[in-house]
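Notes to accompany the following structure.
The values are calculated or read from the model by the stated rules, or taken from the named source; none is laboratory data. Predicted model only: the values in this text are computed from it and were never measured. All Cβ positions, even for glycine, are placed from backbone atoms using ideal geometry, and neighbour counts span all protein chains on display.
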Amino acid sequence: MVSEAGTELHTAGHNWAGNLRYAAAEVREPATVAQLQDLVAGATKLRALGSRHSFNRIADTAGTLVSLEHLEPAIEVDPANLTVTVSGGTRYGTLAAELQRQGYALHNLASLPHISVAGAVATATHGSGDRNGNLATAVAGLELVTADGGILTARRGEPDFDGMVVGLGALGIVSSLTLDVEPTFPVSQSVFEDLEWDQVLENLDGVTSSAYSVSLFTDWSGDRIGQAWLKSRTEGESASQRTGFFGGSPAKEPRHPIAGVPGTTCTQQLGVPGPWSDRLAHFRMEFTPSKGDELQSEYLIPREHAVDAIQVMRRLSHLVTPLLLVSEIRTVAADSLWLSPNYGTDSIGLHLTWRQDQPAVEAVLPVIEAELAPFGARPHWGKLFDGDASRLAPLYPRFPDFKALADRLDPEGKFRNNFLDTKVFGS
Ligand SMILES: Cc1cc2nc3c(=O)[nH]c(=O)nc-3n(C[C@H](O)[C@H](O)[C@H](O)COP(=O)(O)OP(=O)(O)OC[C@H]3O[C@@H](n4cnc5c(N)ncnc54)[C@H](O)[C@@H]3O)c2cc1C
């Protein structure tokens, strides 16, 4: 349907996981930035909607949702500055294929390429790798449609830029992003199975530094870890030469992190080298990522507490394992983005892919959060968690600055929603 303003109009529907129906009355899909500016200027309450992959109500609004999926598409590489500028609705899968075609690469990808760049950056979505910052750290500049319908541009190094990038959708609608790129590089991916917990915990730094990106998959029970996925840049180290890995042995066939799901939906494994764009994510663009029928939570913990935090999760296995499809352990490098869960500290990410039983999951989250609290665990903004602003604020030194920035850019609270009121603004 086309509205009077010329923008596409739809009912809001539900998120990717299907665990929530957006309360918003409608979704608008502007085709131009000028239409987007008119929409924002004329609304009393609205929020940007990305590709709907968050598991909580962070994207929701009591007013109008705005999807940039049909915004005039743009992927423009600047070879001199090694950047690419993308329009607000671009998905990583589309961007990665185009960059690879032109001979460029991003530094990292999340487990799935289906998510929008703007939505992923807004929640500090990350992949893995001791030296890899989250995806938001690649942002060199952004263009924001602010509450009055005006356009604000900001570049890395300018005042408040570090507060704007992981913006949780609270500052305005990001109409374009400029990201760092580098020359394309090949990656090979190898999976090892049945690693020994004791060996891994004694040598955790050796495990996570053994490839460009390392992920461990576990259900926390028993003495062994289900799988290790090693993504190696083949101009450097190559995990495919290894015959064993901390008590584990190489998988003989493509694997999926979740037992019983075919590995054919995952990116190329078995050490076969190929483009970064086909290896850095776990899941292929043309298939449903992960399981589909699931929920997710994740906690980012300062690296020095990694072993203790992992031991806590193993101790909680009796509560956690029955609700789990699988857990993933990753590493993320420190950054300076105010609301990034990796702000100021190298981190370990303890991720949980849950079965679709939200009441049971929500009953166990406070237990996990209480046990991980001594380590300063920061929850992933786009996944299910329990803590509110009173618990989150002490974890983020720049929380007050972010709230002041949001108040300045959105004085009437156009972009505020229940999630932000509860988890950030504390009202
Ligand atoms: C199967 C699956 C696998 C996942 N794997 C990972 C992973 O490997 N690593 C990880 O860290 N996370 C992962 N996630 C979580 C996911 O990356 C985040 O929830 C991400 O925010 C989703 O992006 P989206 O485009 O769907 O945004 P949405 O969920 O639609 O929105 C998220 C937030 O972004 C804001 N937003 C969206 N577009 C804009 C815009 N143009 N301007 C301003 N704000 C905007 C919204 O308002 C909202 O606040 C996974 C999720 C799923 C479903």
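I'd like to check which strands (runs of 3 or more DSSP E) are fully inside region 66-148 and have at least 2 residues that are within 25 Å of W16 (Cβ to Cβ).
Filter on region 66-148 gives 83-87, 139-145.
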Within region 139-157, does at least one residue satisfy the condition of being near the ligand (Cβ under 10 Å from one of its atoms), within 24 Å of R303 (Cα to Cα) and surrounded by 21 or more Cβ atoms within 10 Å (Cβ to Cβ)? no
R47 versus (1) out of contact with any Ser or Thr (no Cβ under 8 Å at 6 or more places or on another chain); (2) of a type outside the set (A, V, I, L, M); (3) within 11 Å of the ligand (Cβ to nearest atom); (4) not in a loop (DSSP other than H, G, I, E, B): which is the lone unmet condition? (1)
Limited to region 333-349, what total is found for residues that are touching an Asp or Glu at 6+ places or on another chain (Cβ under 7 Å) and within 12 Å of the ligand (Cβ to nearest atom)? 2
Scan region 391-427 for residues that are modelled with pLDDT under 95 and either part of a helix (DSSP H, G or I) or farther than 18 Å from W338 by Cα (or both) and report the count. 1
Inspect region 158-168 for any residue being part of a helix (DSSP H, G or I) and assigned by TED's automatic domain parsing to the domain that holds G226 and give the result as yes or no. no
Determine which member of the set R408, R355, R416, R330 is out of contact with any Cys (no Cβ under 9 Å at 6 or more places or on another chain), surrounded by fewer than 23 Cβ atoms within 10 Å (Cβ to Cβ), under 23 Å from A110 (Cβ atoms) and not assigned by TED's automatic domain parsing to the domain that holds T125. R355
Is there a residue in region 9-17 that is surrounded by 22 or more Cβ atoms within 10 Å (Cβ to Cβ), farther than 21 Å from G150 by Cα and of a type in the set (S, T, Y)? no
Can you go through L316, L323, L270 and tell me which one is farther than 21 Å from N108 by Cβ, away from the ligand (no atom under 15 Å from the Cβ) and in contact with a helix residue (DSSP H, G or I) (Cβ under 6 Å, 6 or more places away or on another chain)? L323
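Each row is one residue, and each column tells you yes or no for (1) closer than 20 Å to A306 by Cα; (2) basic (K, R); (3) outside any strand (DSSP E or B).
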{"position": "L195", "(1), (2), (3)": "yes, no, no"}
{"position": "V207", "(1), (2), (3)": "yes, no, yes"}
{"position": "V214", "(1), (2), (3)": "yes, no, no"}
{"position": "W220", "(1), (2), (3)": "yes, no, yes"}
{"position": "I225", "(1), (2), (3)": "yes, no, no"}
{"position": "K252", "(1), (2), (3)": "no, yes, yes"}
